[in-house]
Amino acid sequence: MLGIALFGLALFWLHHLLGQYRWRDILAHVHAISSVKLLRAGLFTLAGYGCLTLYDALAVRFAGAHVPYPRIALISFMGYAIGHNVGLNTLSGGAVRYRAYSALGLGAKQIATIIAFGTVTFLLGAGLLLGLSLLTQAGMSGSVLHVHASLAKVAGGMLLAAVTAYLWLVCTRDGPLRYRRLVIPMPKPRVAFAQVAVACADLLCAASVLYVLLPPQAEIGFGAFAGLYLIAIAAGVISNVPGGIGVFEAILLLLLPSMPKGSLLGALVAYRAIYYFAPFAVALALLGAHEVWVHRAPAVRLVRLGRTFLIAVTPQAIAIAVFLAGAVLLFSGATPGLGPRLDLLRDFVPLPILELSHLLGSAVGVGLLVIAHGLYRRLDAAWWLTIWLLCAGILLSLLKGFDYEEATVLGLVVIVLVLARGRFLRRTSLIEQHYSGPWIVALVLVLITAAWLVVFANRHVPYDNQLWWEFAFEASAPRSLRASLLAAVIAAAYGLWRLLRPAKPPPAVPRDADLERVETLITDVDDSTANLALLGDKTLLFNAERTAFIMYQEAGHSWVAMGDPVGPIEACEPLAWEFLENCDVMAVSPVFYQVKPQNLPLYIDLGLNLSKLGEEARVPLDSFSLEGSARADLRQAHRRANRDGAAFEIVPRANVGAILPELRAVSDAWLAEKSTAEKRFSLGFFDDRYIMHFDCGVVRRGGAIVAFANIWRGASNELSVDLMRYNDAAPKGVIDYLLIECMLWGKSSGYHWFNLGMAPLSGLEEHALAPAWHKIGRMVQRYGEMFYPFEGLRKYKEKFLPVWRPRYLAAPHGLGMAGALLDVTALISGGVGKVLRK
C-alpha cells in the first residue's frame, strides 16, 4: 500500500511539474542527446555493473564458499539487473541468487549471508558518499532540501559516523556479534574496507551515467549532483515501486528546480533505457539461456531444445507478458501517433478505419488485462481467446498508427503462446475465475496510468465538449479521449457484472447415480480413503466429463474437502480450481483435509497455505509376516486369540446383508462401552447401505460374530479398514488379531500396502525455529493425552513396523488456517460441543 501511495504521489507530482510539456517535446529531448554522451553513459553502465559483481565476489568469500569469478559475475549481473527493475531487490534479486547458488551446492544459510552482505555493502557506500556530499556541499544541499545548512551537516556527520562505527567495530572485534540465539558474523577489516570502496565505485558510476546525459544548461558539479542522485535513489528504494520508476524522477525534478524540465526528463528517459532496461533485457536473455543449458538433453536438436524451453516457461511468466501487452496497447491508445506514420497511412487507410482501430485497440488492451489471469491459471479457453486478441491487436496497431514496434512485441508473445500450448489444458470456466487482490490492483494501476498519459500527452489541447466528436487524421487528442473512455467503460462493466452475477446454488445431496459413478471411479484409485465418498454424507463435485470428483462438506465458514481430488491427474487440477471458484462465489474458505505430499504443488498453485496434520502408517505387505523378533508381540497376540477360540473370516460384500443385524449389535455394544457417539467426515459410521458396499472381515467365537471391520480397497495397491468394532464376548487383543488377519489376507490377495490411518500431530518438528503450528501441535500432543491418545496411538501403530507418510491441511493463509482447523474438528466430532469427546 505504501508503494502504491508513493507511486500515485509521484505520478501527481510529475503531472504538475511537466504540465506545460508535450509528449513529442520529451521525445525530441531524448533524440537530441548526442551519440558521444550515449557512448559514455554505456561505458559507465558497464563499469557500474562490473563493480556490482564485486559485491557478490566479496560476499561469496565472506560466506566461506568457493565459486569461480565468471560464475559469480554472471549470477550477480542477472540478480542486480532483474532486482533493479522488478523492485524489492533483496527478494527479487535474492530469488535469482538462490536458484543459481543452490545449483552450485551452496546452502540456504550461505545464500542468505550473500544477500545480506550485498545489502550492507550498498548501505555503506551510500552512507559514505551521501555523508560527504552533505558535509562538503552543505550550503547547496540545505537550499535544495529546504533545510538549514547546519542541519545538512549534522545529517552528513551522522551518516559518516555510522560508517566509521562499522569499520571500527570490524577492526576491534575478533569474533561474531551475539545476541541471545542470534549470531552475526563479522568480516575481516580488509573485506570491510573493500565493501566501502566497491560500493562507492558502483554508486559513482551509476551517478555518472545520468550526469553525462544531462543537458549543457545543467550548471552543477558532479559532487553536488552525486548527493542529490543518492537521495533520489534512496527514495526509490524505500518506495518499493519497481525500479523506483516515477518516484526517482519526481525527486530529481524536485531537487533540480533550475534545470530545464523537458531536457532533464529526456536525460532521465535515456538513463532508464541505458542503465535499467538494456541490462534487464540482457539479464533475461542470459537467464533464459542458462535455463536452456541446465535443462539440455544431449541428443536433442537445437530447434527442439528451444521449443522445450519455451514450453517449460511458467504460465505465470506468460500471463505477465500478456498483461504487459495489454498495458502497451492501452498506453499506445493514450498517446498521440507519430506524424510521419499517420501521413503514410492517409493514402491507404480510410479515416473511419483509423478511428475504429484506435477504439478497438484500447478495448483489446483491456481484454488482455482481464484474460491474462486465465493464462496464469493455465486455462484452455484463456489461451484461445488470448491468441485471437493478440492477432487482432497486431492488426489494429498497424492500422491506427503503423506502430510496427508494438505489433512486433505482440507477435513475439503470440509465438511464445503457440510454442507453450501444452501448458494450457485446463478446461475450467473462464468466466468464474477468481481474481486475487494484487492482480486487481495491478489492473487498476495500468488504467490510472493510461488515463494520466492521455491528460499529460494532450495537455496543450484546450478541453471542449466538441473534442469528443472531432474526427481527423491530425486529431490525436479526441481519439485518445474516446479510446480511454471505452477502456474505462469496458473495465467498469466487467467489474460490475462480476459483482452482480447470480450466485451458484448451494451444494446438493448426492444421488444414487452419483454414488454408483463414485464406486466405479474408486476401483482405479490407489488411495483407499476415497471410499469415504460412499457414505453419502458428503457433497460430490464432478468435472464435466465425470472422470474425477471432490467430496466435501460445509462446516462453519468453510467447505472442507476430504482428501485430494479423486481421479486422473490431468482431471484433478481443473477440478480443484473449480472447487476454489465455487468457494469464492459462496464466500466461504476452501479447505483440503489430509492431502498427500505428492500433491502439494497443486495447493501452492491454488494459493493455499499448508500445515502438517500428522502422519499415516502404511504397512508394506510384501515384507509383512509374523516371523522374527521385531514382531514377537504380534505373534503372541495372534496365538493367544486363536487359543481363546477366535476364528477369522472374510464375508464378501454380496453376503454382508445377511449378517447386518449381528454387525449392528456389535457396533451398538462398542459405542455403549466407549460412551461415545459416531464420528463423521474423515471416518465412516455404521449405516446399512454404506456397510454393504464392502467386504467385511469378521471374528467369530463360538459361531457368533464378536468383532468386525469393513475393508476398503484401493485399486490393486492399497488395503485398509474403516470401522473396527467388537463386543464384550471378544477375546483379549481382538483388534490386533483382526488387523493381522486382514494384512495376511491382503498379502495373499496381491495388495502391496495396508493403511493403518493417521496418527494426529505425529512427526511435527521440535526445532526452535519450527513453525508456530508445529510448536502448538507438540504442546497439544504432550499435554492433551487426557482428551485424545496422541502418543499412545502412534506407539500402537509402530508395532506393525509401518512406513510413515505425512498428511497436510491446505487452507487460506493467516486466520483462515485457524478457522479451518476449528471447522474440521467440529465437522469430524459432529459439532463444537463434541470436540473433546472421544
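The values are calculated or read from the model by the stated rules, or taken from the named source; none is laboratory data. On a predicted model such as this, the values are computed, not experimentally measured, just so you know. Counting neighbours? That spans all protein chains shown, and the Cβs are built from the backbone with ideal geometry, glycine included. Calculation scope for accessible area: heavy atoms of the full protein, side chains included, ligands and nucleic acids excluded. Shrake-Rupley method; radii C 1.70, N 1.55, O 1.52, S 1.80 Å.
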Hits in region 521-552 (condition: of a type in the set (Val, Ile, Thr) and in a loop (DSSP other than H, G, I, E, B)): Thr523, Val525, Thr547
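So that you can scan it fast, the table gives a plain yes or no per residue for (1) open to solvent by less than 10 Å² (accessible area, probe 1.4 Å); (2) aliphatic (A, V, I, L, M); (3) assigned to a helix (DSSP H, G or I):
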| position | (1), (2), (3) |
| --- | --- |
| Arg639 | no, no, yes |
| Phe648 | no, no, no |
| Leu660 | no, yes, yes |
| Arg680 | no, no, no |
| Leu683 | no, yes, no |
| Tyr690 | yes, no, yes |
| Val706 | yes, yes, no |
| Asn710 | yes, no, no |
Complete set of residues in region 564-601 that are out of contact with any strand residue (DSSP E or B) (no Cβ under 8 Å at 6 or more places or on another chain) and open to solvent by less than 20 Å² (accessible area, probe 1.4 Å): Ala571, Glu581
Condition met for Phe685 (under 19 Å from Thr529 (Cα atoms) and at pLDDT 90 or above): no
Region 505-520, subset part of a helix (DSSP H, G or I) and among the hydrophobic types (A, V, I, L, M, F, W, C), residue farthest from the chain's Cα centre (by Cα): Ala513
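Here is a yes/no grid of residues against (1) assigned to a loop (DSSP other than H, G, I, E, B); (2) at pLDDT 90 or above; (3) open to solvent by less than 70 Å² (accessible area, probe 1.4 Å); (4) within 19 Å of Ala709 (Cβ to Cβ):
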residue	(1), (2), (3), (4)
Asp736	no, yes, yes, yes
Glu766	yes, no, no, no
Ile776	no, no, no, no
Met779	no, no, no, no
His813	yes, no, no, no
Filter result (modelled with pLDDT under 85, in a helix (DSSP H, G or I), among the aliphatic types (A, V, I, L, M) and out of contact with any Gly (no Cβ under 6 Å at 6 or more places or on another chain)) within region 131-160: Leu132, Ala138, Met140, Val144, Leu145, Leu151, Val154, Ala155
Selection within region 516-570 - farther than 23 Å from Asp380 by Cα, in contact (Cβ under 8 Å) with a residue 24 or more places away in the chain and of a type in the set (Ser, Thr, Tyr): Thr523, Ser528, Thr529, Thr539, Tyr552, Ser558
Gly236 being modelled with pLDDT under 85, open to solvent by 30 Å² or more (accessible area, probe 1.4 Å) and either of a type outside the set (Phe, Trp, Tyr) or more than 38 Å from the chain's Cα centre (by Cα) (or both): no
Breaking point among (1) under 20 Å from Leu683 (Cβ atoms); (2) at pLDDT 75 or above, for Val509: (2)
Leu610 vs. criteria in contact with a helix residue (DSSP H, G or I) (Cβ under 7 Å, 6 or more places away or on another chain) and part of a strand (DSSP E or B): yes
Pick from region 180-193, criterion within 20 Å of Leu129 (Cβ to Cβ) and surrounded by fewer than 18 Cβ atoms within 10 Å (Cβ to Cβ), ranking: nearest to the chain's Cα centre (by Cα): Val191
Considering residues of region 435-446 that are at pLDDT 75 or above and touching a helix residue (DSSP H, G or I) at 6+ places or on another chain (Cβ under 6 Å) only, the residue farthest from Ala492 (Cα to Cα): Val446
Flag for Ala587 being among the small types (Gly, Ala, Ser) and modelled with pLDDT of 85 or more: no
Candidates Phe456, Phe471 - the one that is surrounded by 15 or more Cβ atoms within 10 Å (Cβ to Cβ) and either at pLDDT 70 or above or in a loop (DSSP other than H, G, I, E, B) (or both): Phe456
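For (1) open to solvent by less than 10 Å² (accessible area, probe 1.4 Å); (2) modelled with pLDDT under 70, each residue gets a yes or a no:
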{"site": "Val209", "(1), (2)": "yes, no"}
{"site": "Pro215", "(1), (2)": "no, no"}
{"site": "Tyr229", "(1), (2)": "yes, no"}
{"site": "Pro242", "(1), (2)": "no, yes"}
{"site": "Ile251", "(1), (2)": "no, no"}
{"site": "Gly262", "(1), (2)": "yes, no"}
{"site": "Leu265", "(1), (2)": "no, no"}
{"site": "Tyr271", "(1), (2)": "yes, no"}
Region 377-399, residues that are at pLDDT below 75 and on the phi < 0 side of the Ramachandran plot: Arg377
Boolean, Asp695 is among the charged types (D, E, K, R), at pLDDT below 90, within 46 Å of the chain's Cα centre (by Cα) and farther than 25 Å from Pro760 by Cα: no
Of residues in region 154-179 being closer than 17 Å to Ala59 by Cα and touching a helix residue (DSSP H, G or I) at 6+ places or on another chain (Cβ under 7 Å), the one surrounded by the most Cβ atoms within 10 Å (Cβ to Cβ): Tyr166
